[in-house]
Amino acid sequence: MKKQGAMDYRTYTLNAKENLLWVLSASAATGLVSWLFYQSLYAMAGQVPLLFLTRRFLCRYRLGKRRQEMLYQFGEMLQMMYASLKAGCSVENAFIQALKEYANLYGEKDIMALEFCNISHRMMLNEPLEQLMEDFAQRSGVEEIVSFSQVFAFAKRSGGDMREIFQGTVKKIRQKAEVEREIATVITAKKTEQRIMDLVPFGILFYVGMTSPEFLAPLYHNPLGVMAMTICLFVYAGAFFLAEKILDIQI
């Protein structure tokens, strides 16, 4: 496996594919808003700040998903290490055995496989495992991994019960994952309702604009109408982000 560089997982940078998807979707959204709310594509120029806001929102969403994925992967890795420790292996040998099993099961390009492969290479250069784990934990930005690295470092230096530490951490991670799954199941219907409600204002404007254009005519191409539509747009944006925040339940 290739050695993985020291990547900081506390921030998220969109890759080329994600950037292209963002540009296309943001352009389509701003074009739709410009036409429905102002009936002028020139209004897209005034929505440039909104484009950067949606990009930031997308980065935060991707960052949260990656953290959940890393926590699950870390729990799986610790479970494999715990099995090796029960078989009588030392912590270092348990780490190497778990890395092989994990890479065979999830692939060598998995985030945790790449990171732990890097740790394995640095262990061969006589760097302490607890120091390497602490470095990865700080870069991960995941609270459970940081807590584990701190307890692990203390136990490694003072001779604590490693099997108990690994077992307790795995149990805690699995409990959190189970709670997250239960919450996701409960709020799935609410998220679907929210997505539908997000589209309702656009549907109303489109329907009225197509069936009775004279009804909305006073709102377009005049200062007072533009001001009224802008206020409505800001109210809609505020409601959208408030709903997203309400449904974004953190554990």
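The values are calculated or read from the model by the stated rules, or taken from the named source; none is laboratory data. No experiment lies behind these values; they were computed from the predicted model shown. Neighbour counts are summed over all protein chains in view; Cβ atoms, including those assigned to glycine, are modelled from backbone coordinates with ideal geometry. To get the accessible areas, we keep the full protein, side chains included, count just its heavy atoms, and leave off ligands, DNA and RNA. Shrake-Rupley method; radii C 1.70, N 1.55, O 1.52, S 1.80 Å.
Filtering segment 106-138 down to residues that are part of a helix (DSSP H, G or I), acidic (Asp, Glu) and within 24 Å of the chain's Cα centre (by Cα), which residue is surrounded by the most Cβ atoms within 10 Å (Cβ to Cβ)?
115
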Check: Looking at (1) more than 30 Å from residue 221 (Cβ to Cβ); (2) open to solvent by 60 Å² or more (accessible area, probe 1.4 Å), can you tell me which one residue 41 breaks?
Finding: (1)
Checklist line | Filter result for the condition that a residue is open to solvent by 100 Å² or more (accessible area, probe 1.4 Å), aromatic (Phe, Trp, Tyr) and part of a helix (DSSP H, G or I), over 202, 154 | finding: 154
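Does residue 141 fit the bill of being out of contact with any Gly (no Cβ under 6 Å at 6 or more places or on another chain), under 22 Å from residue 171 (Cα atoms), at pLDDT below 85 and open to solvent by 20 Å² or more (accessible area, probe 1.4 Å)?
On the way: out of contact with any Gly (no Cβ under 6 Å at 6 or more places or on another chain): yes; under 22 Å from residue 171 (Cα atoms): yes; at pLDDT below 85: no; open to solvent by 20 Å² or more (accessible area, probe 1.4 Å): yes.
Judged against the criteria, residue 141 is not a match.
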Item checked: Within segment 205-217, tally of residues that are exposed (fewer than 10 other Cβ atoms within 10 Å of the Cβ) and either acidic (Asp, Glu) or within 36 Å of the chain's Cα centre (by Cα) (or both) -> 1
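Considering only segment 164-187, I want to know if a residue exists there that is under 30 Å from residue 232 (Cα atoms) and of a type in the set (Asp, Glu).
First, pick out the residues of segment 164-187 that are under 30 Å from residue 232 (Cα atoms): 187.
Okay, now just the ones that are also of a type in the set (Asp, Glu), so none.
Checked segment 164-187: no residue is under 30 Å from residue 232 (Cα atoms) and of a type in the set (Asp, Glu).
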Checklist line | Selection from segment 170-181 of residues that are closer than 28 Å to residue 247 by Cβ and open to solvent by less than 100 Å² (accessible area, probe 1.4 Å) | finding: 173, 176, 177, 178, 179, 180
Margin query: Looking for something open to solvent by 80 Å² or more (accessible area, probe 1.4 Å), outside any helix (DSSP H, G or I) and within 30 Å of residue 103 (Cα to Cα) - is there at least one such residue anywhere in segment 49-62?
Written below: no
Notebook entry, point to check: For segment 106-140, what are the residues that are free of Cβ contacts under 8 Å to residues at least 12 places away in the same chain and either among the hydroxyl-bearing types (Ser, Thr, Tyr) or at positive phi (or both)?
Noted result: 107, 126
Next item on the list: Would you check if there is a residue in segment 64-86 being hydroxyl-bearing (Ser, Thr, Tyr), more than 22 Å from residue 139 (Cα to Cα), more than 24 Å from the chain's Cα centre (by Cα) and open to solvent by 20 Å² or more (accessible area, probe 1.4 Å)?
Entry: yes
Check: Looking at (1) free of Cβ contacts under 8 Å to residues at least 40 places away in the same chain; (2) open to solvent by less than 50 Å² (accessible area, probe 1.4 Å), which is the one condition that is false for residue 103?
Finding: (1)
Next item on the list: Filter segment 218-248 for residues that are surrounded by 12 or more Cβ atoms within 10 Å (Cβ to Cβ) and part of a loop (DSSP other than H, G, I, E, B) and give the result.
Entry: 220
Checklist line | Check on residue 143, touching a residue at least 60 places away in the same chain (Cβ under 8 Å), under 28 Å from residue 13 (Cα atoms) and among the charged types (D, E, K, R) | finding: no
